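A.B. asks: Please find one structure pasted underneath; my questions will follow.
The values are calculated or read from the model by the stated rules, or taken from the named source; none is laboratory data. This is a predicted model, so every value here is computed, not measured. Every residue, glycine as well, gets a Cβ built from its backbone with ideal geometry; the counts of neighbours run over all protein chains shown.
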Amino acid sequence: GLPRRVRIHEVGARDGLQNEKAVVPTGVKAEFVHRLADAGLTTVEATSFVRPSWVPQLADAAELMPLLADLAGRDPAVRLPVLVPNEKGLERALELGVREIAVFGSATESFARANLNRTVDESLAMFEPVVARARQAGLAVRGYLSMCFGDPWEGPVPAGQVAAVARRLYAMGCTELSLGDTVGVATPGQVTALLDELTGGPGGAASGGAIGGAIPVEQLAVHFHDTYGQALSNTLAALQRGVSVVDASAGGLGGCPYAKSATGNLATEDLVWMLNGLGIDTGVDLDRLSATSVWMAEQLGRPSPSRTVRALTHR
Ligand code: HMG
Ligand code: MG
């Protein structure tokens, strides 16, 4: 059956903004994160501690985090994970008191090269000391895995290839794995097949169970981009397999600058509309969230692509 509650991992301030050409002022980013938290989102990915020349939009990470200190101090605290690719990034994040990080690997060689300037093996070797040190310091560590279904350079990606990298990230000590459809090409049958492969569920490894160790579904999240309009259908397929952590971006902002043809993430409002209809609790106030996305769209100078935002705000 479906989960009773879903935790939304809001990525609008990171995945949503990282692709924006015009630099968004740090104060606007801080207000965005506050508004997202005030709308009831409990996990708000804030920024990235990557090499600034790779993602200039997020080069102000060290200026932004202190502006969010009140959120981390709230009771209950708002979780503010940040992306960290290497030890340099971890040091920068730890200095600022970050409590939660995410490393980000790729299931394909092409995207590992484009996004991390590394092979898949080299990038995993880069993450290993980051995950170990972060866990020792008591941090939660998410492991993103990109190109889990299709890759713009390599085409469809076999579930077995994805699972092999996923298991290495899990074995490294990641506390949660987020399965990314970076370019938004997946369809629901692929989602079910990959989850079964990873968890050893009904069709896992052709019904022989997961090869090389199952990953508990409680530690899996899904991360869909909406390029072909499949993100919600894919999410429903994942919920039906027991996934209860779903990534989404307020207003449907987003895309990865190093992935050809990546468009915005699943819009948080579209997700909340569906979950509300299914009677699944998220804690999110949809009207406040939509108002936030309308405000952010004004800052960026173009309307939100979210159908739900448009429907709720142009009545
Ligand atoms: P590199 O160019 O190979 O860097 O980049 P390097 O390791 O050779 O280091 C070169 C210089 O960069 C050194 O300085 C380092 O200190 C500095 P120098 O000695 O020359 O003065 N440097 C840094 N400075 C600040 N912070 C750092 C850092 N690291 C190195 N963290 C690297 C390798 C991994 C750093 C680079 O490729 C990078 O930053 N990539 C990040 C790309 C990115 O952020 N992409 C978007 C996020 S992923 C995504 O969107 C997908 C996702 O949403 C899921 C999905 O949809 O699938 C998560
Ligand atoms: Mg993404």
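A.B. asks: Got a number for residues in the stretch 276-300 being in a loop (DSSP other than H, G, I, E, B) and in contact (Cβ under 8 Å) with a residue 12 or more places away in the chain? First the steps, then the outcome.
C.D. replies: We begin by selecting, within the stretch 276-300, every residue in a loop (DSSP other than H, G, I, E, B); these are 278-280, 282-285.
When the remaining residues are screened for being in contact (Cβ under 8 Å) with a residue 12 or more places away in the chain, the result is 278, 280, 282-285.
Counting residues in the stretch 276-300 that are in a loop (DSSP other than H, G, I, E, B) and in contact (Cβ under 8 Å) with a residue 12 or more places away in the chain gives 6.
A.B. asks: If you don't mind, there's one more thing I want to ask. Any idea which of Gly160, Gly138, Gly150 is surrounded by fewer than 24 Cβ atoms within 10 Å (Cβ to Cβ) and either polar (S, T, N, Q) or on the phi > 0 side of the Ramachandran plot (or both)? Working first, answer last.
C.D. replies: Numbers: Gly160 fails: either polar (S, T, N, Q) or on the phi > 0 side of the Ramachandran plot (or both); Gly150 fails: either polar (S, T, N, Q) or on the phi > 0 side of the Ramachandran plot (or both).
Gly138 is the lone residue from the list that is surrounded by fewer than 24 Cβ atoms within 10 Å (Cβ to Cβ) and either polar (S, T, N, Q) or on the phi > 0 side of the Ramachandran plot (or both).
A.B. asks: Which of the residues spanning the stretch 213-245 are within 13 Å of ligand 2 (Cβ to nearest atom) and among the β-branched types (Val, Ile, Thr)? Give the derivation first.
C.D. replies: Taking the stretch 213-245 and keeping what is within 13 Å of ligand 2 (Cβ to nearest atom), we get 221-227, 231.
Scanning the stretch 213-245 gives Val222, Thr227.
A.B. asks: Among the residues of the stretch 298-312, are any in contact with a Gly (Cβ under 8 Å, 6 or more places away or on another chain) and among the small types (Gly, Ala, Ser)? Don't jump to the end; show me each part of the working.
C.D. replies: So in the stretch 298-312, the residues in contact with a Gly (Cβ under 8 Å, 6 or more places away or on another chain) come out as 304-306, 309.
Next, from what is left, pick out any that are among the small types (Gly, Ala, Ser): 304, 306.
Yes, the stretch 298-312 contains at least one residue that is in contact with a Gly (Cβ under 8 Å, 6 or more places away or on another chain) and among the small types (Gly, Ala, Ser).
A.B. asks: Here's a check for you: in the stretch 143-182, which residue that is under 20 Å from Arg133 (Cα atoms) and assigned to a helix (DSSP H, G or I) is farthest from ligand 1 (Cβ to nearest atom)?
C.D. replies: Out of the qualifying residues, it is Ala171.
Condition check ((1) under 17 Å from the mean Cα position of the chain (by Cα); (2) modelled with pLDDT under 95; (3) closer than 21 Å to Asn19 by Cα) across all residues:
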| residue | (1), (2), (3) |
| --- | --- |
| Ala114 | no, no, yes |
| Pro129 | no, no, no |
| Arg133 | no, no, no |
| Trp153 | no, no, yes |
| Ala164 | no, no, no |
| Glu176 | yes, no, no |
| Asp196 | no, no, no |
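A.B. asks: Sticking with this one: Restricting the stretch 20-78 to residues that are under 27 Å from Pro303 (Cα atoms) and among the acidic types (Asp, Glu), which is surrounded by the most Cβ atoms within 10 Å (Cβ to Cβ)?
C.D. replies: Top of the filtered list is Glu45.
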